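Enquirer: A single structure is presented below for examination.
The values are calculated or read from the model by the stated rules, or taken from the named source; none is laboratory data. The model shown is predicted, which means the values in this text are computed figures rather than measured ones. Methodologically, a virtual Cβ is constructed for each residue, glycine included, from the backbone with ideal geometry; neighbour enumeration extends over all protein chains shown.
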Amino acid sequence: MLERTNISAYRESLFSVNNTIFNDLHSFFITTAFGINMVLGLPANCYILWLSMKEMIQGQSTKIFNVNGALAEIFFCFAVCFAIAEYFFDCIDCRLPLVFLGQLVLLGRPLFLSCICVERYVGVIHPLIFLKLKPMKYRIALCAVGWIFIISSSVIGTTGAIRHYNLILPELLFFFFVKLYSCLMVLKALMRPGPV
């Protein structure tokens, strides 16, 4: 009887040691990934934002969706500060901003990519409608609605009112199917033979 107790105590202590090692590795890899994202992603997205804004100011391009996508990525790059504070300094209050920024980019990236795909779909398949919607005010209004959607979904997911997978998975599937449909219809239209 005494030997079983010692063996079970040894097993529990062995698993608790492995658990702390796993948590340390887990926090190390997450913080390293956030750090790499900050070092490589922040300058690249700032450069994209600068180039897109420069072209938009000169009136050469209407890359408003690219600007908003880069802005969402830049916000996410600052999550490394919260990740370091949470994983290395055990800051409990840093978890909510970290989750919020993660959901912000998780929803922002596919939403603005979907907007780009739909814009190109309308430009190729329905060029007259595209010319009617060419003014920048429609794109700015769509981006404002998109940001309201992203922030509200991120707040709902962060507060825990709805589970993350119940909220984010349907949204990601919707964006995926919008992009898939838009790209396939554009490819189908471009593969048709033109007038001879």
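Enquirer: Taking the residues in the stretch 147-165 that are in a helix (DSSP H, G or I) and out of contact with any helix residue (DSSP H, G or I) (no Cβ under 9 Å at 6 or more places or on another chain) as candidates, determine which candidate is modelled with the highest pLDDT. Give the steps one after another, and end with the answer.
Expert: Our first condition is that a residue be in a helix (DSSP H, G or I); within the stretch 147-165, this holds for 147-159, 164-165.
Narrowing further to those that are out of contact with any helix residue (DSSP H, G or I) (no Cβ under 9 Å at 6 or more places or on another chain): 148, 152, 165.
Details: 148: 91, 152: 86, 165: 68.
If we take residues in the stretch 147-165 being in a helix (DSSP H, G or I) and out of contact with any helix residue (DSSP H, G or I) (no Cβ under 9 Å at 6 or more places or on another chain), then 148 is modelled with the highest pLDDT.
Enquirer: Suppose we filter the stretch 76-101 for residues that are under 25 Å from residue 49 (Cβ atoms), buried (at least 16 other Cβ atoms within 10 Å of the Cβ) and hydrophobic (A, V, I, L, M, F, W, C); how many remain? Please lay out each step first, then the result.
Expert: The first filter runs over the stretch 76-101 and keeps only residues under 25 Å from residue 49 (Cβ atoms), leaving 76-84, 97-101.
With the extra rule that they be buried (at least 16 other Cβ atoms within 10 Å of the Cβ), the set shrinks to 76-77, 79-80, 82-84, 97-101.
Imposing the further condition that a residue be hydrophobic (A, V, I, L, M, F, W, C) reduces the set to 76-77, 79-80, 82-84, 98-101.
Residues that pass the stated criteria total 11.
Enquirer: Could you give me the residue pairs with C-beta distances under 7 Å whose first residue belongs to the stretch 128-153 and is loosely packed, with under 11 Cβ neighbours inside 10 Å, whose second residue is modelled with pLDDT of 85 or more and not charged (D, E, K, R) wherever it lies, and which are 6+ apart or on separate chains?
Expert: Within 7 Å, no pair qualifies.
Enquirer: Now for a different question. Go through 187, 104, 113 for me and flag whichever is without any contact (Cβ under 8 Å) to a residue 60 or more places away in the chain and surrounded by 14 or more Cβ atoms within 10 Å (Cβ to Cβ).
Expert: On the way: 187 fails: surrounded by 14 or more Cβ atoms within 10 Å (Cβ to Cβ); 113 fails: without any contact (Cβ under 8 Å) to a residue 60 or more places away in the chain.
Answer to the check: 104.
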